[in-house]
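Structure record follows, encoded as structure tokens.
Just so it is clear, none of the values below were taken in a lab; they were calculated from the coordinates. In this text the structure is predicted, and so the values were computed from the model without any measurement. All Cβ positions, glycine included, derive from the backbone under ideal geometry; neighbour counts span all protein chains shown.
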Amino acid sequence: MQRATSAGVARDGARPADSPFRRRWSRRTQVWVVIAGWVLAAALRLLHLTLRVRLLDRGEVFARRRRGEQVLAAFWHDGIVLLPLVVTRLRWPGTVNVMLSWHRDAEIAAQAMRRLGIRAVRGSATRGWLGGLRGLLAARARGEDIVIVPDGPRGPRHEAKDGALQLARATGLPLVVVGAAAWPARRLGSWDRMVVPRPFARAALVLSAPLALPADRAAARAALEAALGEANAEAARAVGAPVA
């Protein structure tokens with residue numbers, strides 16, 4: 001990927017030094033990020049191979065994508081470990097882009113996602129939102145798909161931010177919510193209570209029919225949160241996991 005020279009670009013570069021933000025890091029930090037991303041990707045790929053994965057495609061999203069329709073999907077942050085299953089196990093028939101925020105841990109995640117076949121665009125609701133939006137709109141123009149995490153990068157948990165709604169309207173893509181669950185699994189003590197499935201666990205992914213968002217902002221946010229809650233509850237029931 002060529003390095004651009006104007007401000008706000010190179011936000012989805014593959015290397016840790018592909019932006020002014022990351023070029024401030026020491027060489028040691030850059031190397032550490034690459035190694036950590038590689039290790040995380042290897043661990044996730046190995047874990048995913050052991051899982052018994054079930055897809056509940058309520059909106060026939062895979063079939064519509066194979067017909068050439070692009071997709072905008074929303075996914076709660078606590079299921080981020082399960083998100084790559086769409087690519088690594090279910091063989092999504094398109095290229096997935098996800099927005100990740102500007103900090104070292106997110107860069108490690110970006111390096112790992114890239115190795116799992118998912119592209120990362122940098123930006124968040126609190127830092128670099130405009131550049132991230134431009135990156136996702138560029139992915140839209142390339143005919144690729146977009147995943148947003150409405151409660152990322154730091155919560156509050158399961159509360160959708162306005163940026164997710166703005167992006168849905170800006171792209172004009174049908175919005176699909178994704179529910180995910182695994183059991184047996186543990187939840188980390190992080191703000192999102194991230195789900196980490198145990199090896200050989202059952203996992204379920206639920207893809208909804210396209211969601212029609214009301215014009216009113218508060219009503220649209222409530223509709224998105226309710227749809228995500230329903231999809232995640234269905235995924236939890238499918239694997240016998242507690243609904244959280």
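Descriptive notes on the structure:
- Relative contact order computed over the range 149-244 (Cα-Cα under 8 Å; 6+ residues apart), in percent: 31
- In this label model, GLN30 and ALA222 are separated by 5.0 nm, measuring between points 7 Å along each Cα→Cβ vector.
- Rounded D (µm²/s) - the range 158-244, Kirkwood Rh over Cα pairs, Stokes-Einstein at 4 °C, 1.567 mPa s: 93
- With the simple model of a label 7 Å out from the Cα in the direction of the Cβ, ARG45 to ARG193 spans 3.3 nm.
- Of the beta bridges in the chain, as assigned by DSSP with both residues counted there, near 30 percent are antiparallel.
- Global geometry of the range 20-239, whether rounded, prolate or oblate, following the gyration tensor of its Cα atoms and the 1.5 cut on a/c: rounded
- Taking the chain and dividing mean pair separation by its residue count, relative contact order in percent (alpha carbons under 8 Å, at least six apart): 23
- Whole-angstrom Cα spans of the range 51-96 along principal axes, big to small: 29, 21, 20
- Other-chain or far-sequence residues with amide H under 5 Å of ALA73's (modelled H): ILE146, VAL147, ILE148, VAL176
- Ordered from longest to shortest, the equivalent ellipsoid semi-axes for the range 184-235 are 28, 15, 6 Å, each the square root of 5 times a Cα gyration tensor eigenvalue.
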